[in-house]
Amino acid sequence: MKVIYILWLRQIKRYYRSRSRIIGSIAQPLLFLLAFGFGFGPIFQRAGGGSYIQFLVPGIIAMGILFTAVFSGIEIIWDKQFGFLKETLVAPVSRLKIMIGRTLGGGTVAVIQGIIILIVSLFVGFHLPGPHMLLLSLVFMLLIAFLFAGLGTVIASPLNDMQGFQLIMNFLLMPLFFLSGALFPLQGLPKLFTIIASIDPLSYGIDGLRGALVSGLNFGLFHDFLILSIITATLFVIGSYLFSKIQI
């Protein structure tokens, strides 16, 4: 446990040493929040959807968590190229513990980013629910963060090229985000898009967040929690195996 804690803390400190990364990871979600929230807000309200800011904020929080968590995986490739990973892997420590510590660190950073976005959203008109629902929303933030930090580890472990990682992630993440119901309701969509949304793991994370922070569910809180937990555990198992196969 001590090794996992040290690696977890190291990942957090490492991330927050870079001001440019912090600003960049928060700026894009906030741009989406302001541009879409105020741009489409009147249209959404006239269509009978209520406050678009209330609807949009859970999706934007998930967006900030998603990108921060997944791109924590690029540090594995960075460490491979500069030899830092070799120093870690030759230590008399289980690779499973190293992988868990790094992934938990990346996921924790992503949750902090999500909380920052939630706080900023209060200044543009978002209204918070009660304390117990806030705690529930934190559970879903953690699940989203650890799921996609695990995905980042799965993708990064076999790769040695940072550009290849970024290309794969951009190709994968943008469809996951835009088809998850983050920006628009999933009700009334064509059948094909409904099927795609139902196999998109982010859909369940956003549905759970929206149910906790605002109300209105497509799948149900328990269903969301169960699906996210299963996928997160699966990715941790796969990530542990791939990480253990890294050649030094």
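Numbers for the structure displayed
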{"item": "Residue among Leu172, Leu135, Leu147 that is in contact with a Pro (Cβ under 7 Å, 6 or more places away or on another chain), aliphatic (A, V, I, L, M) and at pLDDT 85 or above", "result": "Leu147"}
{"item": "Of residues in the stretch 128-153 being among the hydrophobic types (A, V, I, L, M, F, W, C) and surrounded by fewer than 21 Cβ atoms within 10 Å (Cβ to Cβ), the one nearest to the chain's Cα centre (by Cα)", "result": "Leu142"}
{"item": "Positions within the stretch 101-127 being at pLDDT below 85 and surrounded by fewer than 19 Cβ atoms within 10 Å (Cβ to Cβ), in sequence order", "result": "Gly125"}
{"item": "Qualifying helices (runs of 4 or more DSSP H) (wholly inside the stretch 18-87; at least 2 residues being at pLDDT 80 or above and touching a Ser or Thr at 6+ places or on another chain (Cβ under 6 Å))", "result": "52-70"}
{"item": "Those residues of the stretch 88-98 which are modelled with pLDDT under 70 and either assigned to a helix (DSSP H, G or I) or exposed (fewer than 15 other Cβ atoms within 10 Å of the Cβ) (or both), in sequence order", "result": "Thr88, Leu89, Val90, Ala91, Pro92"}
{"item": "Selection count, the stretch 212-248, where residues are of a type in the set (Gly, Ala, Ser), surrounded by 22 or more Cβ atoms within 10 Å (Cβ to Cβ) and modelled with pLDDT of 90 or more", "result": "1"}
{"item": "Subset of the stretch 166-198 that is closer than 24 Å to Ala156 by Cβ and touching a Leu at 6+ places or on another chain (Cβ under 6 Å) - its residue that is surrounded by the fewest Cβ atoms within 10 Å (Cβ to Cβ)", "result": "Leu176"}
{"item": "Single residue of the stretch 173-214 satisfying the filter (free of Cβ contacts under 8 Å to residues at least 60 places away in the same chain and polar (S, T, N, Q)) that is nearest to Ile60 (Cα to Cα)", "result": "Ser203"}
{"item": "Residues of the stretch 199-222 classified as in contact with a Leu (Cβ under 9 Å, 6 or more places away or on another chain), of a type outside the set (A, V, I, L, M) and in a helix (DSSP H, G or I), total", "result": "8"}
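The values are calculated or read from the model by the stated rules, or taken from the named source; none is laboratory data. Not measured: the values here are computed from a predicted model. For neighbour counting, all protein chains shown are included, and Cβ atoms are generated from backbone atoms with ideal geometry for every residue, glycine included.
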